[in-house]
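J.: What follows is a single structure, and I will ask about it in a moment.
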Amino acid sequence: MDIWTAEKIILLGFLLKGVWCRYFSISLPQNIQALSGSCVIIKCRFEIREKYDKDLTERATGLWFKDGTDLNNNLVFNSSTSSQNSFMKGNITGKLKDKDCTTVFHELRSDHSGQYYFRIEGEGELKWTYSETSVSIHVIDSPTKPTVQLYVEQKEVQDQEEVLEGRSVSLRCSAETLCSSPPPTLTWSSTPRIPLSESSRLEELISDLNFTATHRQHRVTFTCTITYQLQDKNKTAQTNITLHVQYAPKISPSSSCTRTDVTVCFCKASPELEWHLSGRPVTNSSNTFISEERLSSTGLRSSITLHQAFTHTSTLQCVSNNTHGNASQLFQLPSSVAREFQFCDSSSIRSIDHLFMSVCK
């Protein structure tokens, strides 16, 4: 047998030994975040040497240490005794006989933050502390804010992206699942308030808000709130997102004129409007007075007062333009008290390249 063959046999022996022999090892999450006043779940599985299998029975005990592994100074939990008087209150929910050391701790406080180590004690000689592996628990006083994502036509976009009117919109709120009983809830609200229809998946702590974008949702702020119902009080955190909807101008058909000593015309439009007299933009002057009132995040109501000298020969038009189209309303100004006004609407046009001008007959 040459040296090369001998080395391969020795290497194979080491590999087979690693397959056939079991050693003490444990599987723990590296970091866990927990909410004060709530609970924490530590997913835990361990392995032992084969020769101790007979000692791992139903009477096995699990112990937890904090910030060290000294039995006298760092022991904070022992499954064989009542936890009411222990530093950590809880219980091992996994079956130690099946090497499942999953543990739940309740009524967490800020001083429970630290590094935790597990120890298994069985019958006979089975006593082992897994000092090489630990889990870090960080107790926070307030919940972490949920995450809100904007989807347009099922594609994720940034919250600063604008949405075209008529597009399918989905707002998804998600949050990290922290141990809590009852489980935390996600809820939606909006400012200004509008009817909302949402769907939730509690096991993933996800809530979706689905709708078709309209101009009424322009500059509306949607809020997702996570709520934890704790024994002493509820704890909440929330995240906001403001929607920006792009839409073609709209003019209300209720726009009208009245006449007394002067002629006053009203126009309601969104998003903005301006007055044109005989085809030219009008500003405040000694013969015309314009006032504006913001009706909502999208609507504007404007009035113009004209002296009699302008009403015989002038035409008045309410105009709203943007990159998505234009709308206008033409008023036939009354020449006397007995004569009623007439007006006509232009329809919204999607392309700015095709300017439409209404003409009343």
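J.: Quick one: how many residues across segment 51-101 are touching a helix residue (DSSP H, G or I) at 6+ places or on another chain (Cβ under 7 Å), within 13 Å of TRP128 (Cβ to Cβ) and in contact (Cβ under 8 Å) with a residue 60 or more places away in the chain?
T.: Count: 2.
J.: Would you confirm whether any residue within segment 88-98 is of a type in the set (A, V, I, L, M), modelled with pLDDT of 95 or more, touching a Cys at 6+ places or on another chain (Cβ under 8 Å) and closer than 30 Å to SER142 by Cβ? Break it down stepwise before answering.
T.: First, the residues of segment 88-98 that are of a type in the set (A, V, I, L, M): 88, 92, 96.
In the following step, the residues that additionally are modelled with pLDDT of 95 or more were identified as 88, 92, 96.
So of that shortlist, the ones also touching a Cys at 6+ places or on another chain (Cβ under 8 Å) come out as 92.
Filter once more, so that each one left must be closer than 30 Å to SER142 by Cβ: 92.
Among the residues of segment 88-98, at least one is of a type in the set (A, V, I, L, M), modelled with pLDDT of 95 or more, touching a Cys at 6+ places or on another chain (Cβ under 8 Å) and closer than 30 Å to SER142 by Cβ, which makes the answer yes.
J.: Next question. In segment 151-197, how many residues are assigned to a strand (DSSP E or B) and either aromatic (Phe, Trp, Tyr) or closer than 28 Å to GLN231 by Cβ (or both)?
T.: Of segment 151-197, the ones assigned to a strand (DSSP E or B) are 151-152, 155-157, 163-164, 168-174, 185-191.
Then keep just the ones that are either aromatic (Phe, Trp, Tyr) or closer than 28 Å to GLN231 by Cβ (or both); that gives 151, 173-174, 185-189.
Total meeting the criteria: 8.
J.: Quick check, is ASP53 open to solvent by 20 Å² or more (accessible area, probe 1.4 Å), on the phi > 0 side of the Ramachandran plot and either in contact with a Pro (Cβ under 9 Å, 6 or more places away or on another chain) or not β-branched (Val, Ile, Thr) (or both)? I'd like the intermediate steps shown before the answer.
T.: Working: open to solvent by 20 Å² or more (accessible area, probe 1.4 Å): yes; on the phi > 0 side of the Ramachandran plot: no; either in contact with a Pro (Cβ under 9 Å, 6 or more places away or on another chain) or not β-branched (Val, Ile, Thr) (or both): yes.
Criteria not met by ASP53.
J.: Picking from GLU132, GLU165, GLU156, GLU123, which residue would you name as being closer than 26 Å to GLU50 by Cβ and at pLDDT below 95?
T.: Details: GLU132 fails: at pLDDT below 95; GLU165 fails: closer than 26 Å to GLU50 by Cβ; GLU156 fails: closer than 26 Å to GLU50 by Cβ.
Matching residue, one of GLU132, GLU165, GLU156, GLU123: GLU123.
J.: Now a separate question. Residue check: is SER200 closer than 14 Å to LEU300 by Cβ, at pLDDT below 85 and of a type outside the set (A, V, I, L, M)? First the steps, then the outcome.
T.: Values: closer than 14 Å to LEU300 by Cβ: no; at pLDDT below 85: yes; of a type outside the set (A, V, I, L, M): yes.
Answer is no for this residue.
J.: Then there is this: Exactly one condition in (1) farther than 30 Å from ILE241 by Cα; (2) part of a strand (DSSP E or B); (3) open to solvent by less than 30 Å² (accessible area, probe 1.4 Å) is false for SER86; which is it?
T.: For SER86, the exception is condition (2).
J.: Moving on. Can you name the residue in segment 25-48 that is among the small types (Gly, Ala, Ser) and within 17 Å of HIS112 (Cβ to Cβ) and, of all such residues, is surrounded by the most Cβ atoms within 10 Å (Cβ to Cβ)? Spell out the reasoning first.
T.: Taking segment 25-48 and keeping what is among the small types (Gly, Ala, Ser), we get 25, 27, 34, 36-38.
With the extra rule that they be within 17 Å of HIS112 (Cβ to Cβ), the set shrinks to 34, 36-38.
On the way: ALA34: 21, SER36: 17, GLY37: 18, SER38: 23.
That would be SER38.
J.: OK, next. Within segment 242-258, can you find the residues that are of a type in the set (Ser, Thr, Tyr) and more than 12 Å from SER270 (Cα to Cα)? Spell out how you get there, then give the answer.
T.: As a first pass, look at segment 242-258 and keep what is of a type in the set (Ser, Thr, Tyr): 242, 247, 252, 254-256, 258.
Those that are of a type in the set (Ser, Thr, Tyr) and more than 12 Å from SER270 (Cα to Cα): THR242, SER254, SER255, SER256, THR258.
J.: When you look at SER199, is it among the hydroxyl-bearing types (Ser, Thr, Tyr) and out of contact with any Cys (no Cβ under 7 Å at 6 or more places or on another chain), yes or no?
T.: Values: among the hydroxyl-bearing types (Ser, Thr, Tyr): yes; out of contact with any Cys (no Cβ under 7 Å at 6 or more places or on another chain): yes.
In short, yes.
J.: Would you mind telling me which numbered condition in (1) in a strand (DSSP E or B); (2) in contact (Cβ under 8 Å) with a residue 40 or more places away in the chain; (3) closer than 19 Å to ILE26 by Cα SER131 fails?
T.: That leaves (1) as the condition not met.
J.: Related question: For segment 254-272, what are the residues that are touching a Lys or Arg at 6+ places or on another chain (Cβ under 9 Å) and modelled with pLDDT of 80 or more? Break it down stepwise before answering.
T.: First, pick out the residues of segment 254-272 that are touching a Lys or Arg at 6+ places or on another chain (Cβ under 9 Å): 254-255, 259, 266-271.
Residues satisfying the conditions are PHE266, CYS267, LYS268, ALA269, SER270, PRO271.
J.: Considering each of THR214, THR227, THR187, THR191 in turn, give the residue that is among the hydroxyl-bearing types (Ser, Thr, Tyr), without any contact (Cβ under 8 Å) to a residue 60 or more places away in the chain, surrounded by fewer than 14 Cβ atoms within 10 Å (Cβ to Cβ) and under 29 Å from PRO146 (Cβ atoms). So that I can check it myself, show each step before the final result.
T.: Details: THR214 fails: surrounded by fewer than 14 Cβ atoms within 10 Å (Cβ to Cβ); THR227 fails: surrounded by fewer than 14 Cβ atoms within 10 Å (Cβ to Cβ); THR187 fails: surrounded by fewer than 14 Cβ atoms within 10 Å (Cβ to Cβ).
From the options THR214, THR227, THR187, THR191, the qualifying one is THR191.
The values are calculated or read from the model by the stated rules, or taken from the named source; none is laboratory data. The shown structure was predicted, so the numbers you read here are calculated from the model rather than taken from an experiment. All Cβ positions, glycine included, derive from the backbone under ideal geometry; neighbour counts span all protein chains shown. Surface accessibility is based on the protein's heavy atoms, side chains included, excluding ligands, DNA and RNA. Shrake-Rupley method; radii C 1.70, N 1.55, O 1.52, S 1.80 Å.
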